[in-house]
Amino acid sequence: MGNKSTELSQSERDQIAICRAKGWTFLRIGQLLDRSGSTISREYTRNLNEDGEYLPSVAHWQAVARKSEAAERESKCEKHAKTIHHFLRLGWTPEQISGWLGIAHKRFSVSYETIYCFIYKHHIQWAKLLPRKHEPRWTKGMGKTTSFKKVMIPGRTGIEERPEEINDRSEFGHWEGDSVVCSQSLVSLNVMVERTTQYVSIRRLINRGAGTTRDAMISSLSRFKHKDRKSITLDNGIEFKWHQEVKKELGIDTYFCRPYHSWEKGLVEQINGLIRRFLPKKTDLSKVTEKEIRLIEYLLNSRPRKLLNWQTPAQVFAKKSGMKLVYGAIAT
C-alpha cells in the first residue's frame, strides 16, 4: 500500500459506492484505491443506513463530525491537563479522574478512554504514572510449590463460617488485614481495610513478630467505636497467631482464609498493590518514615472510588461512623 492519508476522501467514498453497486468485493475495491480490504469493509459497514444503503456523501460528513467530536474531547482534556497530571502523580487511574471530573465540574464529561488517548497522544511522558501491569496470579489454591504448610493458628475460625452479611459487604464495620514486608529489613507494615468503605489504616512495625502485629492491630482499630469494628478476616501468616488476644481486647470476631487462598481477602490484597506503587518491592521499609506512611494512607483514603459512586473512602467512612473529616482525613 502507498503512503496515503489514513482518512478516506469524498472521492474515494464515491468510488466505494459505485464499485459496490457493481458487485465488487472489498478486497478488489481496496486494490483499486490502494487501501486494505479491511479498511474498505469497516468504512462500508459502519456507514450503512437503516435501509442497508451506503450513501457516500452522508458517510463523509459523518466521518467529519466524528473527527470534530474527537478533537473537542481532546481539547476538553487539554483544558484540565494540569488536573489530570496532578491526580496521576497521586496514583489515580484515568477512570477515577474521569469520575471525579464529572462530579467536580457538573457540565463536564469525558470518558477514561479519552483520557488514556490524550495521555498517549499528547503527553506520552505521563504514561509512566499509569498503574503498572502486574504478573499473573498463581492459580487459585496453588502456591509456587504444591507443598502444604501446616497451619499454626490456634483457635482459628475458617472463612467458610463467616456470616453472609460480611461476605456480601452489606454491613459496615468488617475489616481485612494483611502484612507488607521487604527483604532488606525486618520492618513491615500492617494494613487494615474496611470492606464496605475501602477505608485503609496502615501501621509501621519494627519487626514481623506476632506480638508486634497484635499490638498494631489493636492500635489501628481501637480508635473506632465498637460498632465500627465487628470482625477481621486474615490469612494464615504466623504473625496473626495471637489473634485471640486481639479478639478479647477489641471484642470482635476473627476469620481466616483457607490455606493458600489469600485471594479470599481480595480487597486488602488490592490495597497492598496500591501501596506497592508508592513502595515497590525492593524498597527498604526501615528507611520509610512515619510521615511518609501517613501520607500514603491519606492519599489512598482520599482517592475517589467507582464502587463508592466516586466518593472517597474517608468521606463514606465518616458518614457511616459519625466521625468528622478534617482536611479530607478521619479525625481520631
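The values are calculated or read from the model by the stated rules, or taken from the named source; none is laboratory data. Given the structure is predicted, the values throughout are model-derived calculations rather than measurements. Cβ: placed from backbone, ideal geometry, glycine included. Neighbour counts: every protein chain shown.
A few remarks follow.
- Residue that is touching a residue at least 60 places away in the same chain (Cβ under 8 Å), assigned to a helix (DSSP H, G or I) and more than 27 Å from Gly102 (Cα to Cα), where the choices are Lys282, Lys320, Lys265, Lys291: Lys265
- The selection criterion, being surrounded by 13 or more Cβ atoms within 10 Å (Cβ to Cβ), at negative phi and not in a helix (DSSP H, G or I), does not hold for Arg13.
- Checking each residue in the range 202-243 for being part of a strand (DSSP E or B) and surrounded by fewer than 23 Cβ atoms within 10 Å (Cβ to Cβ) picks out Ile202, Arg203, Arg204, Leu205, Ser231.
- Any hit, the range 237-255, residues being closer than 17 Å to Arg156 by Cβ, of a type in the set (Ser, Thr, Tyr) and out of contact with any helix residue (DSSP H, G or I) (no Cβ under 6 Å at 6 or more places or on another chain): no
- When Asp34 is tested against (1) under 30 Å from Ile271 (Cβ atoms); (2) in contact with a Gly (Cβ under 9 Å, 6 or more places away or on another chain); (3) of a type outside the set (Lys, Arg), just one condition goes unmet, and that condition is (1).
- Gly273 being in a helix (DSSP H, G or I), over 12 Å from the mean Cα position of the chain (by Cα) and within 19 Å of Asp235 (Cβ to Cβ): no
- Every condition in (1) at pLDDT 90 or above; (2) assigned to a loop (DSSP other than H, G, I, E, B) is met by Trp175 except one, and the failing one is (2).
- Residue match in the range 281-301 (condition: buried (at least 18 other Cβ atoms within 10 Å of the Cβ) and touching a Pro at 6+ places or on another chain (Cβ under 8 Å)): yes
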